[in-house]
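Asks: Take this structure, written in structure tokens, and hold onto it; I'll ask about it next.
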Amino acid sequence: MINNTGKFIIIVLAILAGSGMGLFMFNMGNDMSNMTKSVNRMGDDVHTMARDMTDMAKQMIRMAESMVEGQKKMGNDFSSVRNDMSLMTQSMKGMGENMNTMGKSIQAMNHSMQKMSHDMAEMNKSMHRMNYDINKFTKPENVIMPFMR
């Protein structure tokens, strides 16, 4: 049979095996607890990520609406610029026509002034002849004796 030393070794081996098994069970319990906490944190992270993605989707919708609104405003602005350019072109065309008419008027005025200048020269000649004739009749001695002056 087994002597005391054998019994002692068996008891020590049983205690060591029980301690090893207890230590294994304790570590496995800690690992399962840590794994459960990790799974809970991962669930929270997934929930946060889902909420962030929902917020991001809302912001993308808002951004798309802003882009549509901006494009509409830009279209209106470009339409306004096109209309203003058309008005400006028409105004410039009218201004060109007015300047052409003004040029013709200035040309006619120059012609009238040239004619008036010519007529004034003729009038001066006539007045000079009249002055000569008047002098002849007011000083008859000049007619009679032209060299007496």
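Asks: Read through the labelled values (i) 56, 24, 21; (ii) 43, 36, 24; (iii) 198, 36, 18 and report the label of the one computed as Cα extents along the principal axes in Å from the structure.
Replies: (iii)
Asks: By how many degrees, between 0 and 90 and to the nearest 10, does the Cα long axis of helix 4-138 differ from the longest principal axis of the chain?
Replies: The angle comes out at about 0 degrees.
Asks: Under unit Cβ charges (Lys, Arg +1; Asp, Glu -1), what dipole magnitude, rounded to 20 debye, does the chain have relative to its Cα centre?
Replies: Around 700 debye, computed over the chain.
Asks: Can you find, among Asn83, Met63, Gln114, the residue sitting farthest towards the positive end of the charge dipole of region 42-126, where Lys and Arg contribute +1 and Asp and Glu -1 at Cβ?
Replies: Of the options given, the answer is Gln114.
Asks: Still on this model: Quick one: how many lysine pairs in the chain have C-alpha atoms under 26 angstrom apart, if they're 8 or more apart or on different chains?
Replies: Details: Lys58/Lys72; Lys58/Lys73; Lys93/Lys104; Lys104/Lys115; Lys115/Lys125; Lys125/Lys136; Lys125/Lys139.
The number of close lysine pairs in the chain is 7.
Asks: For region 86-135 and region 11-51, what is the separation of their Cα centres, given in Å?
Replies: 113 Å
Each value in this text was obtained by applying a stated rule to the coordinates, not by laboratory testing. If you're wondering where the values come from, they're calculated on a predicted model, not measured in any experiment. In this analysis, Cβ positions are derived from the backbone assuming ideal geometry, glycine residues included, and neighbour counts consider all displayed protein chains.
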